[in-house]
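The values are calculated or read from the model by the stated rules, or taken from the named source; none is laboratory data. Since we're looking at a predicted model, the values are computed, not measured. Reconstructed Cβ throughout: ideal geometry from the backbone, glycine too, with neighbour counts over all protein chains shown. Side chains are part of the model used for accessible areas, which takes the heavy atoms of the whole protein and leaves out ligands, DNA and RNA. Shrake-Rupley method; radii C 1.70, N 1.55, O 1.52, S 1.80 Å.
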Amino acid sequence: MTSSYSPESAHLEAILLVGGQGTRLRPLTLSTPKPLLPTAGVPFLAHQLARARSSGVRRIVFATSYRASMFAEAFGDGSAFGLSLEYMTEETPLGTGGAIRNAAQALTCGPDAPVLVLNGDILSGHDISEQVGMHVTRRAAITLHLTEVDDPSRFGCVPTDEEGRVTAFLEKTPNPVTNRINAGCYVFQRSVIDRIPEGQVISVERETFPGMITAGELVLGYADRSYWLDVGTPAAFVQGSCDLVLGRLPSPALPGPCGEFLTMPGAEVSPSAKIEGGSVVGPRAVVESDASVHGSVLDADCVIESGAVVVDSVVGAQARVASGAVLRNAVIGDGAVVGSGNELLAGARVWPGVRLPPNAVRFSSDV
Ligand code: GTP
């Protein structure tokens, strides 16, 4: 659908939900909130902020709770991004709906204006202006971005009628009625946000959206098939970073030219090491001779010793992976040491600072 709506000339404001604890990404999120984890060389949110900016958004209110002060430390007043940023913090987390209501106190727009609401853990290539344009043209109460996934049973699914009207907002079910799911980017009429009860724990997914649909209000679905990824799990987080490096989702926030991999300032990579699949070698990280790194995120100051193999994994800041160790689909916390001969596979996680002695963990397909 095309529209003459221009978010920029309408001074579109946004609320960014970043207060969650990111439990599925532990131990990475023990010290750093999910939206600030280094992703393709910059904090994850930098990609979202740059995309929102290029869609015409100029002012964003962050809805913070978990490790709230770290967001202002990372992004300040937003001028580096050409944005004006405000921070609203919940003393105790209010859920997605309560957070939107709380953050709305810092909005400057009137009750009839549309407000963009973004989950802080989504990478999406969809056309935000078009979604807002549909919302404005059709005078909707809420317009949800919907995306199609192969396996919708892991998500809430969102059926619509032929006109795009959302007919139900269904929780996870083994037999989903559609493969269209909630993609975590909404347009709300400001007046709808103001009707959310203040200071209460409320979920938009479980309460606000189903309640609005039952009440017969116009909730629209803006469905498309552009790039979309929820980076809530370690595997998805690694995939998102690699996709950005490989150019599968263009991002104005990438820190430099990328190809098969991205190296950050001060990183040292041996000429005989093999690095590919969209991997990032973080600032001052070292990859020694004959090491192999595929589709992985290596954080600042970590060391991959000679001959180690790292595939589809995250290695935290100042961690060390010793010679001959193998990681596949593993997460190594900051400052942890994986001794030689260890094999960590299939979702293994090592907590920050833990030292695994040589040959402590080994998986083998023939036992
Ligand atoms: P998990 O604990 O791993 O499920 O991750 P999460 O805490 O990020 O939860 P979820 O993925 O369901 O959250 C979706 C988005 O809403 C994320 O961007 C969260 O940061 C945000 N969010 C969730 N709960 C709250 C809350 O109570 N307050 C605020 N401000 N944001 C929230």
- line: Checking V18, V136, V238 against a Gaussian network model of the chain (alpha-carbon springs below 10 Å), the top fluctuating residue turns out to be V136
Solvent-accessible area, 1.4 Å probe, carbon plus sulfur percent, for segment 86-243: 47
task: In a Gaussian network model over the chain where Cα atoms closer than 10 Å are linked, find which of A141, A346, A52 has the largest mean-square fluctuation.
output: A346
task: Per DSSP H run of n ≥ 4, the term is -39500 (n - 2.57); total these for the chain, divide by its residue number, and report the mean residue ellipticity at 222 nm rounded to 500 deg cm²/dmol.
output: -4500 deg cm²/dmol
Only Lys, Arg (+1) and Asp, Glu (-1) charged, at Cβ; segment 260-356 dipole about Cα centre in debye: 240
- prompt: Per residue, what accessible area does the chain have, given a 1.4 Å probe and all protein chains present, in Å²?
  reply: 41
task: Please give, to one decimal in nm, the separation of the simple spin-label points placed at S340 and E148, each 7 Å out from Cα toward the Cβ.
output: 5.2
query: What is the spin-label model distance, in nm, from S203 to Q105 if the labels are put 7 Å beyond Cα along the C-beta direction?
result: 2.5
At 0.890 mPa s and 25 °C, Stokes diffusion of segment 260-356 via Kirkwood alpha-carbon radius, µm² per second: 199
statement: Out of Y87, Y227, Y186, a Gaussian network model of the chain with alpha-carbon springs under 10 Å gives the largest mean-square fluctuation to Y227
Point-to-point label distance, T23-S191, nm (Cα→Cβ direction, 7 Å offset): 3.8
field: Distance from segment 14-32 to segment 333-352 (C-alpha centre basis), Å
entry: 21
- prompt: Quick one: putting +1 on the C-beta of Lys and Arg, -1 on the C-beta of Asp and Glu, what dipole do you get for segment 7-230 around its Cα centre, in Debye to the nearest 20?
  reply: 300
- request: Once you have the Cα-Cα distance between S79 and E217, take 0.36 nm times their residue separation minus that, and quote the gain in nm to one decimal.
  value: 45.9 nm
task: Starting from 0 in steps of 20 Å, tell me what percent of the Cα-Cα pairs of the chain lands in each bin.
output: 29, 53, 18, 0
field: Relative contact order %, the chain, counting alpha carbon pairs below 8 Å whose residues are six or more apart
entry: 13
